[in-house]
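Have a look at the structure below, then the notes.
Bear in mind that the values in this text are calculations on the coordinates, not laboratory data. It should be emphasised that the depicted structure is a prediction, and the values quoted were computed from it without experimental measurement. Glycine gets a Cβ as well: all are built from the backbone with ideal geometry, and neighbour counts include every protein chain shown.
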Amino acid sequence: MKIIKTGIIFLFILACTVSCGKNESGNHTDIKGNNDEEIRNSTEENDDIRISGKVITVSHNADGIADFTVLTKENSVCRFTPGSLSENAVASGQEVTVTVDGKISGADPLQAVAKTVDITAEFNVIPTDIQVYTIYGITASKVAEALTSSGFNFYRFKSYDECLEFLQVNDLYAEFTKTVGNTDISALTDTYFAENDLGLFVMNSAENKGNELNGVFHREDGLYLSITRNSENTVLVNTKFDAFLLPLSKDITFEKGYVLTESYLNPNLGEDQNKKNGE
């Protein structure tokens, strides 16, 4: 029964939607959502377009920054290619305002080229001592439906019944038991929840070394899970997921949960061979 109760906690992760909106200020247009008509109108008027938010992913390749992703306060996501920005132009966790070079593609996530980046707040936080338990390679179709273009979701459960209900409603109980039934995380019982909450990050998985935990950071605006990812491909939304479970004191307060990812894109064997051949 302990294993079953342990299991109920992991895969309750599947539901987060992206909201949209936009504000104009002076001669600039600040995009804080995914409204295609408003984006089209602003670019036709030749206004500078700016997107403000938190850098949640920075992808690196042999040439420097391959791309970076910004999450706005309204939970819209924009993926930037760096243009002529320097290798150290941005880092995950920073608050930035990005001026767009040209237009924005109204996809999900939004796509744009960065002309300039203004860093409005650095991410200078000391890691906190919170135990993290991990489960890699979870497969469940409904997780893919729930994860947004940010590539992660966070949930905070305050009772065992919440975890159990979530798994049952989303048809995840059997898949979860099959995947992690033999993993002894901790005795997650009603007694546990009387003193603690359970935090859970679920994110898209990656091949190769996948998602390697760097640490947990806590401040009033959020709980941050820092990840290093090594992969041959940029991972957006896929069908395998990694879960990170955090026992949380009921006294710990924060607004949201974020995953900060520094991603390193490794060339595949075909690319290496082409370079050797001068192609």
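Brief remarks follow.
- Residues with amide H under 5 Å from that of residue 230, placed H, sequence gap 5 or more: 209, 210, 212, 264
- Label positions at residue 74 and residue 168, each projected 7 Å from the Cα along the C-beta direction, are separated by 3.9 nm.
- Cross-link pairs 54/103; 54/256; 54/158 - those with Cα-Cα distance over 23 Å: 54/158
- FRET efficiency estimate (nearest 0.05) - Cβ-Cβ, residue 221 to residue 105, R0 25 angstrom: 0.30
- Spin-label zone in region 245-269 - amide nitrogen under 20 Å from a point set 7 Å from the Cα of residue 132 along the C-beta vector: 245-250, 252-265
- Hydrodynamic radius (Kirkwood) for region 62-140, which is based on Cα pairs only, to one decimal in Å: 14.7
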